[in-house]
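Right, one structure below, let's go through it.
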Protein chains: 4
Amino acid sequence: MRNSFGSLFRITTWGESHGKAIGVVIDGCPSQIEISEEEINQKLQKRRPGSKYTSSRKEKDKVKLLSGVFKGKTTGCPISLIIENTDFDSSKYEKTKDILTPSHAKFSYLEKYKIFDYLGSGRASARETAARVAAAAIAEKILEKEGITVLAYVESIGDIKVKNKPKDIFELKKSLETSQIFCSDRKAEKKMILLLQKLKKEKDSIGGVVSFLTSDLPKGLGEPVFDKISSRLASGLMSIPGSKGFEIGNGFEAATLKGSENNDLFISERGKIRTKTNRAGGVIGGLTSGMPIFGKVAFKPTPTIGKKQKTVTKRGKKATFELQNVKTHDPCIAIRATAVVEAMIILSLADMILLNKTARLI
Amino acid sequence: MRNSFGSLFRITTWGESHGKAIGVVIDGCPSQIEISEEEINQKLQKRRPGSKYTSSRKEKDKVKLLSGVFKGKTTGCPISLIIENTDFDSSKYEKTKDILTPSHAKFSYLEKYKIFDYLGSGRASARETAARVAAAAIAEKILEKEGITVLAYVESIGDIKVKNKPKDIFELKKSLETSQIFCSDRKAEKKMILLLQKLKKEKDSIGGVVSFLTSDLPKGLGEPVFDKISSRLASGLMSIPGSKGFEIGNGFEAATLKGSENNDLFISERGKIRTKTNRAGGVIGGLTSGMPIFGKVAFKPTPTIGKKQKTVTKRGKKATFELQNVKTHDPCIAIRATAVVEAMIILSLADMILLNKTARLI
Amino acid sequence: MRNSFGSLFRITTWGESHGKAIGVVIDGCPSQIEISEEEINQKLQKRRPGSKYTSSRKEKDKVKLLSGVFKGKTTGCPISLIIENTDFDSSKYEKTKDILTPSHAKFSYLEKYKIFDYLGSGRASARETAARVAAAAIAEKILEKEGITVLAYVESIGDIKVKNKPKDIFELKKSLETSQIFCSDRKAEKKMILLLQKLKKEKDSIGGVVSFLTSDLPKGLGEPVFDKISSRLASGLMSIPGSKGFEIGNGFEAATLKGSENNDLFISERGKIRTKTNRAGGVIGGLTSGMPIFGKVAFKPTPTIGKKQKTVTKRGKKATFELQNVKTHDPCIAIRATAVVEAMIILSLADMILLNKTARLI
Amino acid sequence: MRNSFGSLFRITTWGESHGKAIGVVIDGCPSQIEISEEEINQKLQKRRPGSKYTSSRKEKDKVKLLSGVFKGKTTGCPISLIIENTDFDSSKYEKTKDILTPSHAKFSYLEKYKIFDYLGSGRASARETAARVAAAAIAEKILEKEGITVLAYVESIGDIKVKNKPKDIFELKKSLETSQIFCSDRKAEKKMILLLQKLKKEKDSIGGVVSFLTSDLPKGLGEPVFDKISSRLASGLMSIPGSKGFEIGNGFEAATLKGSENNDLFISERGKIRTKTNRAGGVIGGLTSGMPIFGKVAFKPTPTIGKKQKTVTKRGKKATFELQNVKTHDPCIAIRATAVVEAMIILSLADMILLNKTARLI
């Protein structure tokens, strides 16, 4: 699938960090969805964690809608979205172009392709994910019709963890609206911000965990056996730069429990069958159970840091690397990744909703 | 992709637990690979954790090779493998067919398809994964040519964790050969076996974690941005029944570290560039770095247990469920899952090796 | 796609002419379709042009249904169909194995794969298409629900052409039921049979044209711009062994007409819009117009003939080739191809019907 | 595949006739190919049949290269090409927006999507194909490395057919360079031009046939059984707007011949095996034989004509339609289609060349 994601609602992203633009083509979007350039931009704006604790590159990121929409509605034809790259400075990359940045894609891309666009990390830059977020703004319309909400938030940064968790998705939504770093717990947030400020001074970075939560879902989404909802989400979320771990439901905790402890028992409430608990995170047998999906994604610390690190050049000569334009790099990618985690879940669910329309002949 | 996995080396599995047979079609296997029915069966046998601590269903699992091989070599045409279902007893499923087994696929399949083959869980049975293991026996030939070894082993069962880890893949391989439950640490193994025996008496089950490790790999495998090696592995491994979490490299630990702590520094050794440490688990920028890939998969406890559990029927009436034919169910799916974890990694790597042949025009 | 055809309703065929079996896996078939092994076999039987004018290999071709159906209904899980190879004699192929049969796949397969299963042409045998016909027996159920009929018939053999054409698909269906060679015109049929008898004596073969016709179709089937209904049909039909040409509607004749002559004018009849004429063959802008689809497929003469032909060996040495086991080869592949033409159209339409369910959000 | 074509070298096109732009994303292009914006534009220019006998819309069609190329070479990352729409007048479409243009996509798109961008036919406009031609300019680089040339030319317009055919592809290439309408035969060309002028006066259009020819090809391209080279070409060429028929090699003529007449006998020349004749059009068993591929595509006359035609409105009321802005419509789409026929063959071959790299393990 390379640069495409999804089966029926399929996106193809393109573009490099310091190229002319980045963008995405959405193929398979149903017709009759009301959408406008403005609405997409508003959603992007809302999702953009443009605080002082994320990269200060002023990505105005105005999305242009180039095709697939006529008189305010999707036509069923491919939708092309484009975001021009404007605020960047490529000059600093030339002198380190032969130095292998530690834990950075330059090395592996060079091994694979024998060429690497080293300006702002080119295609390997997290900037690529803006196209996913833009596409998700349209996919979200399919979810809205089913009354589905998807949220992602910062669960931990370094050793600082969220403690007081909102009791449901509505409370979570509210609490995130006033957060500077997409964290639902004000106390934890304060500590996190202090840590981020300290790290910025140290020219270092830090890892973090992003949690996600949805509202109740339609039942039966997901396609056995290789496109289970858990498999598709894992695929989407582990394609986000810097992701190193994934959990659905209670995740690794489930591996420590007995069956009698871990099972979610079925109950009937007002004529509807649901589970009493939801340790599974809304997934049974790889399909949605109707209960909310929740889980976590672990992000490593940003590898490109201002601190001096030992490394070698492309030809194996000893060298050192220290990031110059620190201000354009997030000290903690988990914060900004919340928007991308939401996007990948939204895109996955939209696709699964469409696929599900063909599950039965009835 | 539903019942297919892979892009160039693509498998399509089929079959239900108590149907006539299960099987797999491999499309895109290169020609000129020496393989025989016997060799596939030997590999399966070796991988089969047929100890007394796994299900005692006597799955003789003799694979028949029906196509795609001529005079001992693959021809480039699709390879069809079939395993007949022989040793099963469907009689016990009739009386519980309307009862929703807790945390079991019956509920979600019924919601999706309005029909469910409830005999031995039908398609949702882990038996389906035998077809993946059979296909991997052929995919492994592509890896062998590159000198690649892939191993998976039991890292923990419940709270019991492996402590002494083998220093490399060769030692690991040796230690697994004499293990009854695919565990590399004899001390841990003993405790695990005691726990399994206790749970069997209690008619309960337990979760577990499977770790995986490869030898050094070719560099540059994986396809940015959505088929990163980490993404593809996550997709494959999270499609295994019962999997709830995935880590590549140090996984969730990375989320607690600083960049200066987590980065793997490049060094040059005897003219070759490698990383001094390998916290990343062999993945940089979503592509293989050449270092061994390692990581973990969390498995929940087997949901179908002998202990009596409260539940409801398909129509919402109160009911209880207790598994009758306990002996055919593994108390800990993680043990048997080791073979499937290996299979999914092998299949992913074989596909990535083929895809990589088209990365450059040279 | 290699050995797979279709997007949502996707078949994957496998097997060689003289291997143990051939078969097909159907992935993406909706649940709730009533189907039985018997019904599939009946359909196959009806489609089988087992007259004395086609190959006399007694392909009993009993399909076994191995998965995906429970209590008489499809479950949404992959359906595996298998046909054992029984009546064949491989002995005659050994002595000609190094001789390049003129116009035969042996040469190009050897160039591609460096290995070729030469027994009965292996995978390149038209026998592979039996798996497509079996799969179509299930796909047809999706069409039946929409009231769609698909027919293919012999339009010409050599220079002998059908003259009196049935006025609609019902009359066509009737006329084919009593034909020995799937031809709707008794006069032409007689001449064709005489020609076939003459050619059999001459140890030669002959080309032919197959026409196809459907009943009225749902409107809007097909996916712009690369999966237009015409494109998908062309792809499917030109994948049948021996096909050399394809027409939809008036085909090459359209290239000789003026717009004012060729256009099909819209009219309104009893509140429904249709076209007055149907030169387009039921396709407008690549989508179905609702009118019947019709067109043609040209088949070359069977290349393997009993007549002695000059050729060379794999190593370029001069040689001659004359087919020994003449009786197992059809003198005119077009006759038997009618069933495969129907199958590929049925499979294409079933897929397009499913795809169309996701065209609009409504 | 909808708006994507190809398996490894995969293009996704987007854009409407009167939208802001059209474009294409190429995914899977190997790295290390030298290419520039200028070169793509030169190729487009050369291919553009901008004579007075085609549409006079001044499509300057300057392609912008937005991604995937760094320092003059492809990087292996997706290549985004965009062509802004500049010279168009949408005003004339409003008053006919509810009238069903005869034999035009408006009807079937409305049936499928319940919405249609009627400005210049939106997505159904042949303008979409410019994106394919742009993508082919890059794919062609992969062919050039193998020394492959692909040419398409006008074989007939109405009843006027080319008589003197060039003896090989080099002569053909030369003869096309001086043609106004991509026709190799000067005598035929003159008659064709007279016919076109006459039709323009009559406000009518005319059909035509495009022939294609390649130089010698690598052997073994194509993927049995559903992606045979003939199947893939048919799929690609029948996706071009207005195409109604396809032939490979001698096509429908093969259906009239005996096996002994139609077979291409193998010979050995200077140690190389080839066929004496090439009736098959370079395809044996669905794979390339190494001989040149040739064949034909039939195009219907442009359906939108200036002549007054009877039709109905979307709601079934009687109406008439006569094209107003005649000058922007080609009287014969076959002429301009030559560039698209070349493009689709080039794209197909580039993909097949990449796929072939994985055919054998060797």
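Short-range pairs are left out: with C-alpha atoms under 8 Å and at least six residues apart, the relative contact order of the stretch D:1-42 is 29 percent. Remark: label point of C:Lys317 defined 7 Å out from Cα along the Cα-Cβ vector; separations to the same position in other copies 6.1, 8.1, 8.3 nm, ascending. Here the protein assembly as shown is treated as an ellipsoid with the same Cα gyration tensor; its semi-axes, largest first and in whole Å, are 50, 38, 31. For peptide A:181-194, compute the average count of partner chain beta-carbon atoms within 10 Å of each residue's beta-carbon. The per-residue average across the peptide is 0.
Using the Cβ of C:Glu202 as centre and a radius below 14 Å, the other residues enclosed give a net charge of +4, where K and R count +1 and D and E count -1.
The GNM of chain A, with springs linking C-alpha atoms under 10 angstrom apart, assigns the highest mean-square fluctuation among A:His329, A:His18, A:His104 to A:His104. Entry note, the stretch B:124-239: relative contact order of 30 percent, from Cα contacts under 8 Å with a spacing of 6+ residues. Our summary gives the stretch C:214-300 a relative contact order of 46 percent, counting only alpha carbon pairs under 8 angstrom and 6 or more residues apart. Taking a sphere under 11 Å around the Cβ of A:Pro224 and counting the other residues whose Cβ falls inside, with K and R at +1 and D and E at -1, yields a net charge of 0. Restricting the chymotrypsin sites (Phe, Trp or Tyr not before Pro) of the stretch B:143-192 to loop positions (DSSP other than H, G, I, E, B) with no more than 13 neighbouring Cβ atoms within 10 Å leaves nothing. The charge dipole of the protein assembly as shown, taken about its Cα centre with unit charges on the Cβ atoms of Lys, Arg (+1), Asp and Glu (-1) only, comes to about 0 debye.
Inter-chain Cβ neighbour count for A:267-275, averaged per residue, equals 4 (cutoff 10 Å, partner chain atoms only). In order along the stretch D:199-212, phi translates into HN-Hα couplings of 5, 4, 5, 6, 6, 10, 9, 8, x, x, 10, 10, 9, 9 Hz, rounded to whole numbers, per the Karplus curve 6.51 cos²θ - 1.76 cosθ + 1.60 with θ = phi - 60° and x for Gly and Pro.
Given a cut-off of 29 Å, name the pairs among A:Lys73/D:Lys46; B:Lys92/B:Lys161; A:Lys114/B:Lys228; A:Lys258/B:Lys314; A:Lys314/B:Lys73; C:Lys167/D:Lys200 whose C-alpha atoms lie farther apart than that in the structure shown. Where the Cα-Cα span goes over 29 Å, the pairs concerned are A:Lys73/D:Lys46; B:Lys92/B:Lys161; A:Lys314/B:Lys73; C:Lys167/D:Lys200. Note on chain A: GNM, Cα springs under 10 Å; of A:Glu128, A:Glu342, A:Glu39, the largest mean-square fluctuation is that of A:Glu39. Averaged over peptide B:298-307, the number of partner chain Cβ atoms lying within 10 Å of each residue's Cβ comes to 6. Give me the percent of Cα-Cα pairs in the stretch B:214-317 that sit more than 21 Å apart, rounded to a whole number. Cα-Cα pairs of the stretch B:214-317 separated by over 21 Å account for 49 percent. Distances from D:Glu84 to itself in the other copies, using label points 7 Å out along the Cα-Cβ axis, amount to 0.9, 7.0, 7.1 nm in increasing order. Legend: residues in the stretch C:339-360 shielded by at least 50 square angstrom of accessible surface upon adding the remaining protein chains to the isolated chain (1.4 Å probe, heavy atoms) are C:Lys357, C:Thr358, C:Ala359, C:Arg360.
GNM on chain A, alpha-carbon springs under 10 angstrom: the most fluctuating residue among A:Ala337, A:Ala136, A:Ala21 is A:Ala21.
With r defined as the distance between the Cβ atoms of D:Glu253 and B:Lys60 and R0 fixed at 60 Å, what FRET efficiency is calculated, to the nearest 0.05?
Once the sixth-power term is evaluated, E becomes 0.60.
Using alpha carbon centroids, what distance separates the stretch D:267-307 and the stretch D:202-236, in Å? Cα centroid of the stretch D:267-307 versus Cα centroid of the stretch D:202-236: 7 Å apart. Given Cβ point charges of +1 (Lys, Arg) and -1 (Asp, Glu) and nothing else, what value in debye, to the nearest 20, does the dipole of the stretch D:97-238 about its Cα centre take? About 440 debye.
Closest approach of a chain A Cβ to the axis relating A and C (residue, whole Å): A:Lys357, 2. Only aspartates and glutamates eight or more places from A:Lys308 in sequence, or on another chain, were considered; those with a Cα closer than 12 Å are A:Glu202, A:Asp204, A:Glu322. Distances between copies of B:Glu202, taken at a point 7 Å out from Cα along the Cα→Cβ vector and listed shortest first: 4.2, 8.4, 9.0 nm.
Simple point charges give the picture: +1 on the Cβ of Lys and Arg, -1 on the Cβ of Asp and Glu, and for chain B a dipole about the Cα centre of about 1100 debye. In terms of its C-alpha gyration tensor, the stretch D:78-210 comes out oblate, because a/c is 1.5 or above while a/b does not outweigh b/c. Measuring nothing but protein heavy atoms, the accessible surface of the stretch D:188-336 at 1.4 Å probe radius is 52 percent carbon and sulfur.
Which FRET efficiency, nearest 0.05, do D:Lys95 and A:Glu37 yield, Cβ-Cβ r, R0 25 Å? The computed FRET efficiency comes out at 0.35. The radius of gyration of the Cα set in the stretch C:64-147, together with its Dmax, comes out at 18.0, 52 angstrom.
How high is the FRET efficiency between B:Lys310 and B:Glu84 when r is their beta carbon distance and R₀ equals 35 Å, given to the nearest 0.05?
That pair, B:Lys310 with B:Glu84, gives E of 0.40.
Remark: spin-label model distance D:Lys145-C:Lys272 equals 5.4 nm, labels positioned 7 Å along the Cα→Cβ axis.
The values are calculated or read from the model by the stated rules, or taken from the named source; none is laboratory data. Computed from a prediction, not measured in an experiment: that's the story for all the values here. When we count neighbours, we look across all protein chains shown, and the Cβ atoms used for this are built from the backbone with ideal geometry, even at glycine. What goes into the accessible areas is simple: the full protein's heavy atoms, side chains included, and nothing from ligands, DNA or RNA. Shrake-Rupley method; radii C 1.70, N 1.55, O 1.52, S 1.80 Å.
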